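Here's the structure, in structure tokens; my notes come after.
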Amino acid sequence: MAVDRRSFLKFGAATVGVSLLGFNETNAEANDEFADNYAMLNDSTLCIGCRGCQSACKEAHELPHTGHDKRYEMPTDLNAQNLTLIQLQRKSEDEYTFIRRSCLHCNVPSCVSVCPVAAFTKRADGVVAYDKDKCIGCRYCQVACPFDAPTFEYNSATPVVVKCDFCKDLRLKNNETPVCASICPRKAIKFGTRKELLREAHKRIKDNPGRYNTHVYGETEIGGTSVMFLAPAGFTFEELGYRKWGETPPGQMQEEIQHGIFKYWIPPVALYGALGLAAYTLGKKNSNKSDDSGEVKNES
Ligand code: SF4
Ligand code: SF4
Ligand code: SF4
């Protein structure tokens with residue numbers, strides 16, 4: 001791991017929030033392998049929608065501005081030029097809030113599970129990293145991500161997948177706070193460890209009755225995420241564009257399906273036979289499309 005997390009946490013206590021120090025570690029935290037991972041808590045009740053985080057992220061990553069006025073650029077979704085964005089979610093004339101989108105740096109990331117060449121990796125510090133030199137552009141990660149975070153450089157001759165990198169090279173490696181969290185004038189994005197920020201989130205809910213939706217999004221969804229959210233009371237997370245997920249990570253679900261197949265005695269040989277037949281049929285079809293030189297002809 002590139003970052004010395006122990007020393008970072010020691011000297012970064014002020015950033016994380018001194019009010020949280022001095023608590024004893026709970027059993028749940030002691031058993032949580034992700035408790036000390038880097039994390040961010042987004043509090044929608046504090047966000048004023050200034051989009052400073054969005055703009056600062058672009059500047060720091062030297063991504064091109066697409067609008068004529070960079071300060072008022074308003075993309076409607078994540079794309080290759082925007083690793084994070086702030087969305088206005090309105091229920092009525094008077095009821096609205098702002099919510100941030102980005103990669104959530106899942107504890108058990110689907111992008112890592114499905115990538116056939118290990119271009120995505122979950123680092124020991126919690127960051128989900130992407131290596132463009134390994135990527136073959138299959139875009140399985142895009143399909144598999146429960147939060148629609150990875151995007152693709154459609155307009156590039158050498159396209160790569162793009163997503164929030166947690167400022168790992170710009171900030172974390174120097175023991176600094178990620179750009180979006182450091183720039184926010186309202187401290188609506190807080191950086192720390194997952195354990196500390198979960199304590200903080202529950203403390204805010206407890207200390208401010210009626211202010212918050214009492215659920216912390218990302219605490220348990222698909223096995224938990226490093227980027228987590230607090231929403232205002234009266235808003236569900238689905239209304240804010242975050243789908244309802246169970247606690248089981250998709251990778252684990254696949255395992256359970258496979259185990260189910262064996263449990264109900266579908267003989268493996270039947271499965272492999274079916275796969276073999278499919279491969280043979282496909283191979284035959286392709287060979288019909290090729291001449292002796294191996295050149296592929298278009299079907300007419
Ligand atoms: S949000 Fe998507 S891209 Fe980010 S770690 Fe999770 S699965 Fe991967
Ligand atoms: S952590 Fe860095 S890369 Fe990710 S959204 Fe914030 S500023 Fe952008
Ligand atoms: S910088 Fe802070 S207040 Fe401004 S949009 Fe981002 S999260 Fe909201």
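The values are calculated or read from the model by the stated rules, or taken from the named source; none is laboratory data. On a predicted model such as this, the values are computed, not experimentally measured, just so you know. All Cβ positions, even for glycine, are placed from backbone atoms using ideal geometry, and neighbour counts span all protein chains on display. For accessibility, only protein heavy atoms count, side chains too; no ligands or nucleic acids. Shrake-Rupley method; radii C 1.70, N 1.55, O 1.52, S 1.80 Å.
Annotation note: of GLN54, GLN89, the sole residue that is surrounded by 12 or more Cβ atoms within 10 Å (Cβ to Cβ), modelled with pLDDT of 80 or more, under 30 Å from ASN155 (Cα atoms) and more than 16 Å from ligand 2 (Cβ to nearest atom) is GLN89.
Just one of the listed residues (LYS206, LYS168, LYS190, LYS173) is of a type in the set (Lys, Arg), part of a strand (DSSP E or B) and at pLDDT 95 or above, namely LYS190. Taking first residues from the stretch 209-231 that are of a type in the set (A, V, I, L, M) and partners that are open to solvent by less than 50 Å² (accessible area, probe 1.4 Å) and outside any loop (DSSP other than H, G, I, E, B), the Cβ contacts under 6 Å between residues at least 6 apart in sequence or on separate chains come to VAL216/ALA201; VAL216/MET228; VAL227/MET40; MET228/LEU41; LEU230/ASP43; LEU230/ALA201; LEU230/TYR212.
When VAL114, VAL179 are checked against the criterion of being at pLDDT 95 or above, near ligand 1 (Cβ under 10 Å from one of its atoms) and either open to solvent by less than 70 Å² (accessible area, probe 1.4 Å) or over 21 Å from GLN54 (Cα atoms) (or both), a single residue qualifies: VAL114. Within the stretch 141-160, residues that are under 17 Å from PHE120 (Cα atoms) and of a type in the set (D, E, K, R) reach partners that are assigned to a helix (DSSP H, G or I) and at pLDDT 95 or above with beta carbons closer than 8 Å, at six or more positions or on different chains, in the pairs ASP148/GLN142. Looking across the stretch 132-165, the residues that are hydroxyl-bearing (Ser, Thr, Tyr) and part of a loop (DSSP other than H, G, I, E, B) come down to TYR154, SER156, THR158. The set of residues in the stretch 112-131 being within 15 Å of ligand 2 (Cβ to nearest atom) and either closer than 20 Å to TYR242 by Cβ or assigned to a loop (DSSP other than H, G, I, E, B) (or both) consists of ARG123, ASP125, GLY126, VAL127, VAL128.
Scanning the stretch 145-176 for residues that are within 11 Å of ligand 1 (Cβ to nearest atom) and either open to solvent by 30 Å² or more (accessible area, probe 1.4 Å) or outside the structural domain of GLU238 (by TED's automatic domain parsing) (or both) yields a total of 2.
This table checks each residue for (1) modelled with pLDDT of 95 or more; (2) open to solvent by less than 20 Å² (accessible area, probe 1.4 Å); (3) in contact with a strand residue (DSSP E or B) (Cβ under 7 Å, 6 or more places away or on another chain).
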residue	(1), (2), (3)
PHE235	yes, yes, yes
GLU239	yes, no, yes
MET253	no, no, no
GLN258	no, no, no
PRO268	no, no, no
THR281	no, no, no
LYS285	no, no, no
LYS289	no, no, yes
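Only one of the listed residues (PHE98, PHE34) is crowded, with 17+ Cβ neighbours inside 10 Å, outside any loop (DSSP other than H, G, I, E, B) and at pLDDT 85 or above. That residue is PHE98.
Checked against (1) open to solvent by less than 50 Å² (accessible area, probe 1.4 Å); (2) more than 16 Å from ligand 3 (Cβ to nearest atom); (3) of a type in the set (D, E, K, R), LYS134 passes all but a single condition, namely (1).
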